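Participant: The structure's right below; bear with me while I get my questions together.
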């Protein structure tokens, strides 16, 4: 679509593969590059925004998509759970806040857009992933409040929060295909949506500057709507599904 793209993750080799694919598919005049680093390092977030903005000459979209995968299982509140909680909040919440904050000056200049990939777990928290779900709820609170403040100050920066269901990415299929605590989680969550279809939905929602978008729509929006109307029923159904093994 003519966009210049900078991508980031921890694995340089994987990033090189993504950049090569971007160059194959993208505009020959566009800029494609990567910066590898660890999102648990808050100083890296500032470096990433500076490096990306300098190399591309500005910033129109900031898409926040990284996560630390959940440790699936019951919350016990022990030392290991607490350590994992701290790490999850560093990566899944604080890094999002730091990246958005560092990017705001460049986005103000371009009238740009922040795209936050949240989760169905940020609307209806399931069992066995309490730390993960809590970060997604925190993202909704922070970026919804930030959107209000940007509107109040007359900013042209907009924010789209994407409510994503179970998607058939390599990491997700591996994580949810494992059996934890005797629960076949892939079967519980159901069939996964296509990554490419999901990516296109996100692009459409961001381009339209939607405040919230849901994908797959039926599995996320309708379930969330039912939960809002009758939360007790939805909570009962979720417990029943996770117990039916």
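Participant: State the number of residues belonging to segment 49-70 that are over 23 Å from residue 205 (Cβ atoms) and either modelled with pLDDT of 95 or more or more than 17 Å from the chain's Cα centre (by Cα) (or both).
Facilitator: Residues that pass the stated criteria total 6.
Participant: Of the residues 36, 92, 65, which is under 26 Å from residue 157 (Cα atoms) and surrounded by fewer than 17 Cβ atoms within 10 Å (Cβ to Cβ)?
Facilitator: Among 36, 92, 65, only 65 is under 26 Å from residue 157 (Cα atoms) and surrounded by fewer than 17 Cβ atoms within 10 Å (Cβ to Cβ).
Participant: Can you tell me which residues in segment 60-99 are within 12 Å of residue 42 (Cα to Cα) and touching a strand residue (DSSP E or B) at 6+ places or on another chain (Cβ under 9 Å)?
Facilitator: 95, 96, 99
Participant: Cβ-Cβ under 7 Å, sequence separation 6+ or interchain: first residue in segment 132-155 and under 15 Å from residue 210 (Cα atoms), partner modelled with pLDDT under 95 and assigned to a helix (DSSP H, G or I). Which pairs?
Facilitator: Once the first residue is under 15 Å from residue 210 (Cα atoms) and sits in segment 132-155, its partners that are modelled with pLDDT under 95 and assigned to a helix (DSSP H, G or I) give 140/122.
Participant: Another one. Looking at segment 180-245, what helices (runs of 4 or more DSSP H) fall wholly within it and have at least 3 residues that are at pLDDT 80 or above and in contact with a strand residue (DSSP E or B) (Cβ under 6 Å, 6 or more places away or on another chain)?
Facilitator: 195-207
Participant: Output the residues belonging to segment 154-179 that are part of a loop (DSSP other than H, G, I, E, B) and modelled with pLDDT under 95.
Facilitator: 165, 166, 168, 169, 178
Participant: Right, here's the next one. Determine the pairs where a residue that is farther than 15 Å from residue 65 by Cβ, located within segment 198-223, has a partner that is surrounded by 13 or more Cβ atoms within 10 Å (Cβ to Cβ) and modelled with pLDDT of 90 or more with Cβ atoms under 6 Å apart, the partner being 6 or more residues away or on another chain.
Facilitator: Filtered contacts from segment 198-223: 209/158; 210/160; 212/161; 214/163; 220/163; 220/214; 221/214.
The values are calculated or read from the model by the stated rules, or taken from the named source; none is laboratory data. Since the structure is predicted, the reported quantities are computational estimates derived from the model, not experimental observations. Using ideal geometry, Cβ is built from the backbone for each residue, glycine included, and neighbour counts are taken over all protein chains shown.
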